[in-house]
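Worksheet for the structure shown next.
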Amino acid sequence: MAERPKWVPGDIDLDRPSVARVYDYWLGGAHNFAADRAVANRTMEAMPEVRRVILVNRALLRRMVRHLLHLGVRQFLDLGSGIPTAGNVHEIAHAVDPAARVVYVDTDAVATAHGKSLLADLPHVAALQADLRDPASVLGAPEVRAVLDFDRPIAVLMIAVLHFVPDSEEPHKIITDYLDALVPGSYLGISHSGGEKGEESEAVAEARRRYSAQVTPMVHRDRAELTALLRGLELVEPGVVRLPHWRPDSPDDVDEAAERFPGFAALGRKP
């Protein structure tokens with residue numbers, strides 16, 4: 001039987017993998033269990049580069065938060081945040097402005113419980129267990145209202161999470177419900193698994209099938225579908241692009257593989 005860390009809620013089934021903990025394992029974190037590692041490794045058998053994909057997503061998060069700080073944003077609502085360990089939003093933001101405000105939201109109880117233990121002594125930072133598909137509950141939560149000032153711009157981050165929301169659950173409406181609650185000058189930052197029609201390799205398709213069957217269903221969208229989800233927003237340059245192409249720190253970070261990277265990124269501003 002797996003040893004249960006003290007911060008893990010007693011009703012959590014350690015034998016059932018979760019999105020947040022599988023992601024943590026791919027990032028090289030320690031807040032995951034045998035079931036999470038097993039499905040992560042099986043996915044990597046089909047697509048060995050999946051860990052690189054995750055690391056590119058984390059690098060994108062850092063670049064996007066830094067750019068938002070450059071644009072004057074000091075408040076962040078990170079939806080589907082996973083476990084807020086090293087290199088996450090509050091560390092990036094507080095390096096620029098210790099007064100920056102951050103709320104992490106995840107449906108995984110383990111991610112939230114550990115997040116609360118990590119963030120307990122930090123002012124202006126909170127973790128909330130909630131489903132991002134219920135904007136009213138997220139936006140009305142005491143943790144959110146206590147930390148974020150809705151009279152000032154807020155950046156909503158949906159990094160590597162919208163591909164878990166199928167069309168039947170109306171992802172554009174979910175996005176709109178969040179943005180309708182925010183003042184003009186607020187932002188939405190996303191990254192999303194995807195590629196152009198007919199482009200997905202068999203390895204990527206097989207990895208997605210394994211992940212969908214063992215963790216949670218995953219949707220592959222193309223650039224046009226992602227652009228449609230962002231309608232009504234002013235896209236920040238360079239628009240909807242492959243993740244490595246979104247404001248890279250160095251030209252050396254963009255190689256030939258970037259042209260086929262299985263995912264897109266974008267940042268939009270509420271006018």
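A short reminder: the numbers here are calculations on the coordinates, not readings from a lab. Keep in mind that what you see is a predicted model, and the values were worked out from it rather than measured. A quick note on method: Cβ atoms are made from the backbone with ideal geometry, for glycine too, and the neighbour counts reach across all protein chains shown.
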For this session: Pick out, in residue order, every one of the trypsin sites (Lys or Arg not before Pro) in the stretch 170-228 that is DSSP loop and has at most 13 other C-beta atoms within 10 Å; say none if there are none.
Result: Lys197
Problem set entry | Cα Rg over Rh - the stretch 1-144, Kirkwood | 0.97
For this session: Amide H neighbours of Leu235 under 5 Å, at least 5 residues apart or on other chains, H built in the peptide plane: list them.
Result: Arg269
Seminar exercise, completed: Summing -39500 (n - 2.57) over every DSSP H run of at least 4 residues in the chain and dividing by its residue count gives a helix-only mean residue ellipticity at 222 nm, to the nearest 500 deg cm²/dmol, of -11500 deg cm²/dmol
Seminar exercise, completed: At q = 0.14, 0.26 Å⁻¹, the log10 of I(q)/I(0) for the stretch 113-161 from a Debye sum over equal Cα scatterers comes to -0.39, -1.25
Exercise. When the dipole is taken about the Cα centre of the stretch 35-128, and only Lys, Arg (+1) and Asp, Glu (-1) are charged at their Cβ, what size is it in debye, to the nearest 20?
Worked result: 260 debye
Exercise. Using alpha carbon centroids, what distance separates the stretch 73-133 and the stretch 240-271, in Å?
Worked result: 24 Å
For this session: Could you please tell me the mean projected area of the C-alpha convex hull for the chain, averaged over all directions and given in square nanometres to one decimal?
Result: 13.9 nm²
Exercise. Which Rg and Dmax, in Å, describe the Cα atoms of the stretch 179-271?
Worked result: 14.9, 43
For this session: Would you work out which of Gly28, Gly268, Leu118 lies farthest towards the positive end of the dipole of the chain? Charges go on Cβ: Lys and Arg +1, Asp and Glu -1.
Result: Leu118
Exercise. Farthest toward the dipole's positive end in the stretch 49-183, which of Phe150, Leu71, Ile83, given Cβ charges of +1 (Lys, Arg) and -1 (Asp, Glu) about the Cα centre?
Worked result: Leu71
Exercise. If you place +1 on the Cβ of every Lys and Arg, -1 on the Cβ of every Asp and Glu, and leave all else neutral, what size is the dipole of the chain about its Cα centre, to the nearest 20 Debye?
Worked result: 300 debye
Exercise. In square nanometres, what is one fourth of the surface area of the convex hull spanned by the alpha carbons of the stretch 79-221?
Worked result: 9.8 nm²
For this session: Run the dipole for the stretch 172-271 about the Cα centre, Lys and Arg Cβ at +1, Asp and Glu Cβ at -1, nothing else charged, and hand back the magnitude in debye, nearest 20.
Result: 500 debye
Seminar exercise, completed: Note, the stretch 225-231: 3J(HN,Hα) by Karplus (6.51, -1.76, 1.60, θ = phi - 60°), whole Hz, Gly/Pro = x, goes 5, 5, 4, 5, 5, 9, 4
Exercise. What's the extension gain from Ala228 to Ala258 if we count 0.36 nm per residue and subtract their Cα-Cα distance?
Worked result: 8.5 nm
Problem set entry | Equivalent-ellipsoid semi-axes of the stretch 32-86, from the Cα gyration tensor, Å, largest first | 29, 14, 7
For this session: At most 16 other Cβ atoms within 10 Å and a DSSP loop assignment: could you name the trypsin sites (Lys or Arg not before Pro) in the stretch 24-122 that fit?
Result: none
